1. Among (1) within 14 Å of chain A (Cβ to nearest Cβ); (2) within 18 Å of the chain's Cα centre (by Cα); (3) among the aliphatic types (A, V, I, L, M); (4) within 13 Å of DNA strand D (Cβ to nearest atom), where does B:Ala15 come up short?
2. Considering each of A:Ala165, A:Ala187, A:Ala145 in turn, give the residue that is in contact with a Gly (Cβ under 6 Å, 6 or more places away or on another chain) and of a type in the set (Gly, Ala, Ser).
3. Is there a residue being surrounded by fewer than 17 Cβ atoms within 10 Å (Cβ to Cβ) and in contact with a Gly (Cβ under 9 Å, 6 or more places away or on another chain) anywhere in segment B:133-141?
4. Looking at B:Cys107, B:Cys114, B:Cys101, which one is more than 16 Å from DNA strand C (Cβ to nearest atom), within 13 Å of chain A (Cβ to nearest Cβ) and at pLDDT below 95?
5. Exactly one of these conditions fails for A:Gly37: (1) more than 15 Å from the chain's Cα centre (by Cα); (2) of a type in the set (Gly, Ala, Ser); (3) within 14 Å of chain B (Cβ to nearest Cβ). Give me its number.
6. Is it true that A:Asp155 is at the interface with another protein chain (Cβ under 10 Å from one of its Cβ atoms), acidic (Asp, Glu), farther than 23 Å from A:Ala14 by Cα and surrounded by fewer than 18 Cβ atoms within 10 Å (Cβ to Cβ)?
7. Residue check: is B:Ala67 surrounded by fewer than 17 Cβ atoms within 10 Å (Cβ to Cβ) and out of contact with any Ser or Thr (no Cβ under 7 Å at 6 or more places or on another chain)?
8. Inside segment B:65-84, can you point out the residues that are in a helix (DSSP H, G or I) and either modelled with pLDDT under 95 or of a type in the set (A, V, I, L, M) (or both)?
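The values are calculated or read from the model by the stated rules, or taken from the named source; none is laboratory data. From a predicted model like this one, the values you see are computed outputs, not experimental measurements. Here Cβ is always computed from backbone atoms with ideal geometry, including for glycine, and neighbour counts include all displayed protein chains.
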There are 2 protein chains.
Amino acid sequence: MPRTSDVEERLMNAAMDLIWENSYGSTSVDAICEKAGAKKGSFYHFFESKSELAVKALEADWQRKKAKMDDIFSASVPPLDRLQHYFEHVYKGQTKAHGECGAVLGCPYCSLGCEIGTQDRAIGDQVHKILDRNAKYFESAIRDAHAQGLIKAPDAKAKAQMLVAYFQGSLSQARIENDVNRLRGLASGALELLGAQPQRAAK
Amino acid sequence: MPRTSDVEERLMNAAMDLIWENSYGSTSVDAICEKAGAKKGSFYHFFESKSELAVKALEADWQRKKAKMDDIFSASVPPLDRLQHYFEHVYKGQTKAHGECGAVLGCPYCSLGCEIGTQDRAIGDQVHKILDRNAKYFESAIRDAHAQGLIKAPDAKAKAQMLVAYFQGSLSQARIENDVNRLRGLASGALELLGAQPQRAAK
DNA sequence: AAGGTAGTTGACTGACTAGTAAACTATGGC
DNA sequence: GCCATAGTTTACTAGTCAGTCAACTACCTT
């Protein structure tokens, strides 16, 4: 067998997929192992519990997405464009996932956080941490937009929290209604929420 | 034994409480029965499955809340006041629940819908239906506010969907962060989102 | 007062749950 | 080539899960 095993990574990927698609409670360790092509003994060689796996899988999932975030929210891009590009990116991602698994899946962090926030503090805290990191991108884009006079948002942090709420709420609605069209207006809704002058369609 | 049994109602109440506080997946039929002071045989006398109980419990829960909604959203109240009163009512309710069980619980419909929307269509549809009913109250208040020139919202339905997203997102955030203060600014945030003139603090 | 019925009870099933333990194997460092 | 060790495998436990079933009880109608 190869010296460096990728079973740990496969297990985390399988877990994220299954939890996102279904839920934490309905995702069994057996199912994760089967999807990852691993045996249970290997699972408990790498993780001491299902809960610990979830925490590590969340972190790994975020790290995978971080590069894309840094790209989209690059300071070299006009601040409102950053937000617009991000929401369009999310819309595309949700549409793709819907095509692949037949259901709109929403935000894995938010769904998981709501499900077990009151039951498993370790997972809840991890979700909280990741959502905070996400909000930071919004916050600095809003602050820049305010500084450039594009919007009026003297309290960038509060505005960012509003935007996160609107964003997460939209994703939840889309999952519940299983309707990706709920996310079509995400970018324009966000700009409307921020009180930006309506963008004329690019071109 | 009394001719008319209230076991069915007790079971639905217990189920809603447990599912709201924890989650659907982690709430066992045994736990519901114990909390309701009923035996499992009685459970399956009234409900054919755990899923069916959830659907009926959701409906009963909504019916319990409906009278309050009709009161708050009475057409005799100025439209923006209706919304403000509603969000203050929610804030109080969340604060009360937090005091009683030590955790911010968010929206039971949204949490449940996100958790099992992809797995149990019957429950998912029921949640969807209830959230739609809720949105209708927002929609007509927004339409009235627009007609009175209090806000600019030519598409009341779209604005109501935005408001629902913001509202549900805020509740989810509060649950995940276990912080009821996230909901303190709900009413003012909602009015800001609607582009209403800032209300001066009532006396 | 008889009998049908709505509701109640406790014991049961079989499948599934997270997690364990010990034997095994391949590999990289020496 | 040898060996410690990281990783793998299989078989297992003990508890919990949703759901079943047949016997039972108290009431309402007649």
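1. Among (1) within 14 Å of chain A (Cβ to nearest Cβ); (2) within 18 Å of the chain's Cα centre (by Cα); (3) among the aliphatic types (A, V, I, L, M); (4) within 13 Å of DNA strand D (Cβ to nearest atom), B:Ala15 violates only (1).
2. On the way: A:Ala187 fails: in contact with a Gly (Cβ under 6 Å, 6 or more places away or on another chain); A:Ala145 fails: in contact with a Gly (Cβ under 6 Å, 6 or more places away or on another chain).
Step by step, each of A:Ala165, A:Ala187, A:Ala145 is checked, and only A:Ala165 is in contact with a Gly (Cβ under 6 Å, 6 or more places away or on another chain) and of a type in the set (Gly, Ala, Ser).
3. no
4. Only one candidate passes the filter, namely B:Cys101.
5. Result: A:Gly37 passes all but (3).
6. Values: at the interface with another protein chain (Cβ under 10 Å from one of its Cβ atoms): no; acidic (Asp, Glu): yes; farther than 23 Å from A:Ala14 by Cα: yes; surrounded by fewer than 18 Cβ atoms within 10 Å (Cβ to Cβ): yes.
When the stated conditions are applied, A:Asp155 does not pass them.
7. So B:Ala67 fits the description; yes.
8. B:Ala67, B:Met69, B:Ile72, B:Leu80, B:Leu83
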